[in-house]
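Worksheet for the structure shown next.
None of the figures in this text is laboratory data; all of them are computed from the coordinates on show. From a predicted model like this one, the values you see are computed outputs, not experimental measurements. All Cβ positions, glycine included, derive from the backbone under ideal geometry; neighbour counts span all protein chains shown.
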């Protein structure tokens, strides 16, 4: 009787593992792929009212994966090793237009762990002395800096690190950061 019970238990366990289960309660889904992150973070025209991918920018949406021909190094003008050395493996770049003359660009970067994304956020905050608050966000999660030409916002949500630049607001930092907050709210909601 014990042998039959053992065989049944072995058969059930084997089937469970073959079908993708785990006997340890862990999640077997693994890290997201570049395509999954691209699908997840690509903004649609209804995500942020008044904002859409820039139809005049042929590179308005890019999925950049380290180790592939179209990676962060090939897309950025230098300094990509700052991100890749810190753990960034996948970046999503988007160029947006809002009501004239407002524009925004952002990188949503996957760092593998929340600790790595938080460390990148902290490093950039210190490097650029970013201290401007973003409406609705704790300064430990999103912070900005800039002048009349543009405002740069750093943020992190779980294993994602975000750099967002908004332009066209001149000296109206309140409106610039309000627009940034709307975009960040959508990006935060897309992070799971």
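Details
- In nm, spacing of pseudo-spin labels at residue 158 and residue 57 (7 Å Cα→C-beta vector): 2.5
- FRET efficiency, residue 44 to residue 189 (Cβ-Cβ, R0 22 Å, nearest 0.05): 0.95
- For segment 106-132 and segment 162-178, distance of Cα centres in Å: 18
- Relative contact order [Cα under 8 Å, 6+ residues apart], segment 31-190, whole percent: 19
- Taking the fewest neighbouring Cβ atoms within 10 Å as the starting point, the ordered list for 89, 174 is 174, 89.
- Site pair residue 178 and residue 100 shows an inter-label distance of 2.2 nm when each label is modelled 7 Å from Cα along Cα→Cβ.
- Taking a ≥ b ≥ c as the square roots of the eigenvalues of the Cα gyration tensor, segment 26-94 is classed as oblate, since a/c reaches at least 1.5 and a/b does not exceed b/c.
- Cα gyration tensor category, rounded, prolate or oblate, for segment 53-154 with a/c compared to 1.5: oblate
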